[in-house]
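Just below is one structure, and these are the notes that go with it.
Here, each number is a calculation from the coordinates, and none is a lab measurement. Because the structure is a prediction, the values reported are computed rather than measured. A quick note on method: Cβ atoms are made from the backbone with ideal geometry, for glycine too, and the neighbour counts reach across all protein chains shown.
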Amino acid sequence: MKKRIVSGITATGSLTIGNYIGAIKNFIKHQNDYEMFIFVADLHALTTTISPEELDKNRKEILALYIACGLNHKKSTIFFQSDVPAHSIFNWITITNTTMGELSRMNQFKDKSAKTKQSNGTDNIPTGLFVYPTLMAADILLYNPEFVPVGVDQKQHLELTRNLASRLNKKYNLNFNEPKPLFSEIGSKIMSLKSPEFKMSKSDNDKNASIFLLDDPDLAFDKIKKSVTDSENKVYYSKDKPGVNNLLTIYASLSEITIEKAEEDFKNSNYKEFKEVVGSVVRDFLIEIQKKYSESLINLPSIAKEGSIKANVIAEKNIAKILNHVGYKKF
Ligand code: TYM
């Protein structure tokens, strides 16, 4: 029997090349060898202030991008989280088995709550931001996978998920696996083009810091050309050169080569030449994705329906078992 994989992407904004290299590319790599459940985390999107129009647009865009990037709905179950009610029911069980201390220690919560305070000028932190990791744990354990392909920024959430699996197993005599993260070999953390010491993010206010999968390809080329590097003008991978490392990583991942081979390709190049080649690779990649994106929009309703049916079959069976063990026994 094939081992199972579960993962998702939050519908909070347009997807970046970081989401592609750190997550989607890894989904596609494994779709022949694993049984995959890949969803759009559209319930998680409510942890930010998002209008109904934006939510509607983002969730459909992500589903279409999954297909455009190469996920095959005949091989993998692709669905909207909100189409599977068991995620929310199970979330209550994961919340009630988590402590405030555990959730307060989540780095992403600390970062995002600090940013929220800065932007709204108050101490009002949305509860959703705090309990976000428990929903993620529910998303995962509901399908009881072996692996979860994610970028390194999700490592701590996966640790919490494993702790919860072991806790629920002991408390309720269940048999959850303790799922392990699967990181991309190259590019499990793509950095901002403007501040390469920080992660590239969908929600960065500076739109020049991220390459979006639906960016105009020429604009993306310009973003790479204007990206922050350093003053040495020599291309090689080194811990003191975060901007250059990031471009080498993007280039290596999209060209399916190693970082060493990428360094070799640019050993005689200055930064202008280097950025032009990386920019062209990114531009060609976006042109290809965007061509498929328009086609994938047509089949979206039927793909979402099929995915929801397949996911609900597993989710309903598993939540029934979980509820039974927790004490909600049927007559
Ligand atoms: P999200 O939506 O922030 O990101 C989606 C996926 O993309 C990865 N990623 C990156 N990888 C490399 N470089 C980057 N700059 C970069 N930015 C993002 C993330 O690590 C992630 O794998 N909580 C999750 C969504 C989620 C989920 C789940 C994931 C909800 N439930 C269950 C796995 C399993 C999130 O917000 O990811």
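Give, in nm to one decimal, the length gained when the segment between Glu273 and Ile309 is fully stretched (0.36 nm per residue of separation minus the Cα-Cα distance). If you can, show how the numbers build up before the last one.
Values: separation 36, 0.36 × 36 = 12.96 nm, distance 5.00 nm.
Working it through step by step, the gained length comes to 8.0 nm.
With unit charges on the beta carbons (Lys and Arg positive, Asp and Glu negative) and the dipole taken about the Cα centre of the chain, which residue among Asn19, Ser119, Ala45 sits farthest to the positive side?
Ala45
Could you list which residues have their amide H under 5 Å from that of Lys199, counting only those 5 or more apart in sequence or on another chain, with H placed in the peptide plane?
For Lys199, the qualifying residues are Ser192.
So if each residue of separation counts as 0.36 nm, and I subtract the Cα-Cα distance between Ile125 and Asp230, what length gain in nm does that give?
Numbers: separation 105, 0.36 × 105 = 37.80 nm, distance 3.70 nm.
Net length gain for the segment: 34.1 nm.
Would you mind ranking Lys57, Lys272 by Cβ crowding within 10 Å, fewest neighbours first? Before the final figure, lay out the partial values.
Values: Lys57 14, Lys272 9.
Ranked by crowding around the Cβ, least crowded first: Lys272, Lys57.
Before rounding to the nearest 500, sum -39500 (n - 2.57) across all DSSP H runs of length at least 4 in the chain and divide by the residue total; then give [θ] at 222 nm in deg cm²/dmol. Provide the component values of the computation, followed by the final result.
Numbers: 12 runs with 171 residues, N = 331.
Dividing the helical sum by the residues of the chain leaves -16500 deg cm²/dmol.
Helix 127-141 sits at what angle to the longest principal axis of the chain, using alpha carbons and giving 0 to 90 degrees rounded to 10?
Between the helix axis and the principal axis of the chain, the angle is about 80 degrees.
Asn163 to Glu295: FRET efficiency via 1/(1 + (r/R0)^6), r the Cβ-Cβ distance, R0 51 Å, to the nearest 0.05?
Computed FRET efficiency for Asn163 and Glu295: 0.75.
Starting from 0.36 nm per residue, how many nanometres of slack lie between Ala114 and Lys29 once their C-alpha separation is accounted for?
Values: separation 85, 0.36 × 85 = 30.60 nm, distance 3.56 nm.
Result: 27.0 nm gained on full extension.
Which of the GluC sites (Glu not before Pro) across the stretch 143-192 are loop residues per DSSP, with 13 or fewer other Cβ within 10 Å?
Within the stretch 143-192, the qualifying GluC sites (Glu not before Pro) (loop, at most 13 other Cβ atoms within 10 Å) are Glu185.
Once the Cα atoms of the stretch 256-314 are picked out, what are the Rg and Dmax in Å?
Spelled out, the Cα radius of gyration and Dmax of the stretch 256-314 are 19.5, 56 Å.
When DSSP beta bridges are limited to those with both residues in the chain, what percentage is antiparallel, rounded to the nearest 5? The partial results should precede the final answer.
On the way: 2 of 17 bridges.
So the antiparallel bridges amount to about 10 percent of the total.
Thinking of the stretch 7-137 as a set of Cα atoms, what percent of all their pairs are more than 20 Å apart? Don't skip to the end; give the middle numbers.
Details: 4415 of 8515 pairs.
That tail contains 52 percent of the Cα-Cα pairs.
Evaluate the distance, in nm, between pseudo-label points positioned 7 Å from the Cα of Ser88 and of Asp222 along their respective Cα→Cβ axes.
According to this spin-label approximation, the distance is 4.3 nm.
Tell me, what is the FRET efficiency for Glu264 and Lys329 to the nearest 0.05, using R0 = 51 angstrom and their Cβ-Cβ distance as r? Please report the intermediate quantities before stating the final value.
On the way: r = 64 Å, r/R0 = 1.25.
Efficiency, from the Cβ-Cβ distance: 0.20.
Have a look at Asp240, Asp139, Asp230 and tell me which one the Gaussian network model of the chain (Cα, springs below 10 Å) gives the largest fluctuation.
For the chain, modelled as a Gaussian network with Cα springs under 10 Å, the answer is Asp240.
Got a sec? How would Leu193, Leu55, Leu168 order by Cβ neighbour count within 10 Å, fewest to most?
On the way: Leu193 25, Leu55 17, Leu168 22.
Ascending Cβ contact count within 10 Å gives the list Leu55, Leu168, Leu193.
So what are the ³J(HN,Hα) numbers for the stretch 196-212, from phi and the Karplus equation (6.51, -1.76, 1.60; θ = phi - 60°), rounded to whole Hz, Gly and Pro as x?
Per-residue couplings from phi come out as x, 8, 10, 5, 5, 9, 4, 9, 4, 5, 8, 5, 7, 7, 10, 9, 8 Hz.
Please list, in chain and number order, the residues 5+ apart from Leu182 or on another chain whose amide H is under 5 Å from its amide H, with Hs placed from the backbone.
Val148, Val150
Stick to the Cα atoms of the chain, pair each with every other, and give me the Kirkwood hydrodynamic radius in Å at one decimal. Before the final figure, lay out each step's value.
Values: mean 1/r = 0.0480 Å⁻¹.
Roughly 20.8 Å, rounded to one decimal.
Setting aside same-chain residues fewer than 8 positions from Lys2, which lysines have a Cα under 25 Å from its Cα?
Qualifying lysines at Cα under 25 Å: Lys25, Lys29, Lys74, Lys75, Lys155, Lys180, Lys305, Lys310, Lys317, Lys321.
With unit charges on the beta carbons (Lys and Arg positive, Asp and Glu negative) and the dipole taken about the Cα centre of the chain, which residue among Asn163, Tyr132, Ala64 sits farthest to the positive side?
Final value for the positive-end residue is Asn163.
Report the residue, chosen from Pro196, Pro301, Pro145, that carries the largest GNM mean-square fluctuation when the chain is represented by alpha-carbon nodes joined by springs under 10 Å.
Pro301
Please list, ordered by chain and number, the residues whose modelled amide H lies under 5 Å from the amide H of Arg4; skip anything fewer than 5 residues away on the same chain.
Counting only residues 5 or more places away or on other chains, the set is Glu35, Glu146, Phe147.
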